[in-house]
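The values are calculated or read from the model by the stated rules, or taken from the named source; none is laboratory data. Keep in mind that this is a model prediction, so the values were computed, not measured. Cβ sites come from the backbone with ideal geometry, for glycine too, and all protein chains shown count toward neighbours.
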Number of protein chains: 2
Amino acid sequence: MSVTDELLQNAESYAASFDKGELPLPPAKHVAVLACMDARLNPYGLLGLAEGDAHVIRNAGGVVTADGLRSLAISQRLLGTTEIILIHHTDCGMLTFTDDGFKASIQAEVGIKPSWAAEAFPDLDEDVRQSVRRILDDPFIPVKDSVRGFVYEVGTGRLREVK
Amino acid sequence: MSVTDELLQNAESYAASFDKGELPLPPAKHVAVLACMDARLNPYGLLGLAEGDAHVIRNAGGVVTADGLRSLAISQRLLGTTEIILIHHTDCGMLTFTDDGFKASIQAEVGIKPSWAAEAFPDLDEDVRQSVRRILDDPFIPVKDSVRGFVYEVGTGRLREVK
């Protein structure tokens, strides 16, 4: 049995005990979280989020990419969120390589260099600040009163704000 | 108190009872999930995922964008995942508008048209298939043996595979 099949069994249990009914489409807490995809970072447990509370956007690094900006614009403009929480974390894979090295290794294997930036970063706090700045500079995100960036410490479970 | 401050209080509780220790960086279940950012779709509850199990990538629609492909390439090439689970869901915001309309409304307000595609879609199952195809066609994702697409039913909690 594949891991996917194993997780589908969990999904059957979830449906069997599902009692949330028809929740509204717009997030109840008017918050969008943008976090790294890292397996150890669980935004639901960490922030105490339940179904219906918040948009959760995630990618490699929790970096603010064009796709992150697209998702945030849709979140605010169509679904009424007004606060943004950015979360990077310690021991991140993005600290372990460089864009140049990663893309050269792909080019050596596949013969094509990806047209995307890998978005690796050498300094965690500085990349959180970079992500905040990319949001503040974006013309399509209307509400920027509460854009705050954090580092999650995977070994302790603590969330630290980056100023 | 802002909602962000309220969620930070939850984060303090999470840290206070944190007992997971130093989990490894690569996901234990070797799975990457790519799902919509929708507030009602909780991949942890639905799939029974715990901290350390799986990469979770999310954006508006659960669409396979360049950023999704970047994240999946990093997930497989640097962190050893081998299975991909795609999740769209019923009552999705992406079914309620068109790229042209959304971008024209932004242009009318801001004076600039976003250079990104909004990635709205009129047919849920067809967009799941489209997302699967984008992955199968990508030259930078090495392992494609298990790329499966699903629709999550927000009113019932059920997960339905799209063939």
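Worth pointing out:
- Among the residues of the stretch B:44-93, just one is basic (Lys, Arg) and under 22 Å from A:LEU23 (Cα atoms), namely B:ARG58.
- Single residue of the stretch A:52-63 satisfying the filter (more than 7 Å from chain B (Cβ to nearest Cβ) and in contact with a strand residue (DSSP E or B) (Cβ under 7 Å, 6 or more places away or on another chain)) that is surrounded by the fewest Cβ atoms within 10 Å (Cβ to Cβ): A:GLY61
- Taken together, the residues in the stretch A:118-150 that are more than 8 Å from chain B (Cβ to nearest Cβ) and either in a loop (DSSP other than H, G, I, E, B) or modelled with pLDDT under 95 (or both) amount to 11.
- Filtered residue count, the stretch B:135-156, keeping only those that are farther than 25 Å from A:TYR14 by Cβ, among the acidic types (Asp, Glu) and in contact (Cβ under 8 Å) with a residue 12 or more places away in the chain: 2
- Condition check for B:ALA15 on (1) part of a helix (DSSP H, G or I); (2) closer than 25 Å to A:MET94 by Cα; (3) out of contact with any Gly (no Cβ under 8 Å at 6 or more places or on another chain): one failure, at (3).
- Residues in the stretch A:69-91 that are at the interface with chain B (Cβ under 8 Å from one of its Cβ atoms) and touching a residue at least 40 places away in the same chain (Cβ under 8 Å): 8 in all.
- Count of the stretch B:9-19 residues which are more than 7 Å from chain A (Cβ to nearest Cβ) and not hydroxyl-bearing (Ser, Thr, Tyr): 4
- Whichever residue in the stretch B:35-51 is part of a helix (DSSP H, G or I) and either of a type outside the set (Gly, Ala, Ser) or under 17 Å from A:ALA120 (Cα atoms) (or both) and, among such residues, is farthest from the other protein chains (Cβ to nearest Cβ): B:PRO43
- In the stretch A:95-133, the residues that are aliphatic (A, V, I, L, M) and closer than 20 Å to B:GLY68 by Cβ: A:ILE106, A:VAL110, A:ILE112, A:ALA117, A:ALA118, A:ALA120
- Test result for A:GLY68, in contact with a helix residue (DSSP H, G or I) (Cβ under 9 Å, 6 or more places away or on another chain) and part of a helix (DSSP H, G or I): yes
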